[in-house]
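The values are calculated or read from the model by the stated rules, or taken from the named source; none is laboratory data. Remember, it's a predicted structure, so these values are computed and weren't measured experimentally. Cβ atoms come from the backbone with ideal geometry, glycine included; neighbour counts cover every protein chain shown. Heavy atoms of the whole protein, side chains included, go into the accessibility calculation; ligands, DNA and RNA do not. Shrake-Rupley method; radii C 1.70, N 1.55, O 1.52, S 1.80 Å.
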Amino acid sequence: QSVTARVVAEENGPFAASRIANVGAADGVREGFAVVNEHGLVGRVVRVGEYTSRILMLTDFSSRIPVMGTKSGDRALLVGDNATGARLLEPETPDQIIPGEIWVTSGDDGKMPLGVRVGTARKDGDEWRLALAMDVAPIDFVRLVPPPDFASPDLVPALGGVEKNTDASLRTVSVAPVPATPAKPAGQGGAQ
């Protein structure tokens, strides 16, 4: 379940760009939750207290989010620059990126939901950067979204691990077939 929260700026924190949300473990929040607002991705939860959470913003240098272009299909790692933006690190096919193209989360790390809007591509010298969607308006309220629910392969039961049905009321009862009445050969019977 996603959780709605209000965020405030953090001063003297361990990161250059982080916020504090007014929800925590008591509300079901865990580390790794994606943080989004009405415009797009804001960051991710990196620390959780009982009633508060620390959000690492996309602009922080420690932030690393796998993203992809919606038209080019190119994939890259979005890295914050400790200022107001973020750059695309090692895009697979940079010559196919389109200026103004919308970029979204790719979900390649299994931690972020797929398809959350991140920003639009723009060329800055020799590198590609994203104009972040979260910068459209001030960030006051956000939604904290849990990671995709992928089952661990270790938790899957072994093949053929079906238990025998011991409830007699659920067993299929086989009914003996009703014998068909033999048809009379043609020319027999009838009045003489």
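Tabulated data for the structure shown
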read-out: Selection from segment 15-24 of residues that are open to solvent by less than 50 Å² (accessible area, probe 1.4 Å) and touching a Phe, Trp or Tyr at 6+ places or on another chain (Cβ under 8 Å); value: V23, G24
read-out: Qualifying positions in segment 39-57 - under 12 Å from I20 (Cα atoms) and assigned to a strand (DSSP E or B); value: G43, R44, V45, V46, R47, V48, S53, R54, I55, L56, M57
read-out: Qualifying residue in segment 141-150 (condition: of a type in the set (K, R) and either modelled with pLDDT of 65 or more or touching a His at 6+ places or on another chain (Cβ under 7 Å) (or both)); value: yes
read-out: Residues satisfying the stated conditions in segment 45-75, i.e. under 17 Å from the mean Cα position of the chain (by Cα), open to solvent by 10 Å² or more (accessible area, probe 1.4 Å) and over 25 Å from E101 (Cα atoms); value: V46
read-out: Output for segment 110-142, where each listed residue is in a strand (DSSP E or B), free of Cβ contacts under 8 Å to residues at least 60 places away in the same chain and open to solvent by 60 Å² or more (accessible area, probe 1.4 Å); value: R122, K123, D124, E127
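Listed here are the residues, each with its yes/no results for (1) aliphatic (A, V, I, L, M); (2) open to solvent by 20 Å² or more (accessible area, probe 1.4 Å); (3) modelled with pLDDT of 95 or more.
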position	(1), (2), (3)
S2	no, yes, no
A5	yes, no, no
G13	no, yes, no
A26	yes, yes, no
R30	no, yes, no
G43	no, no, no
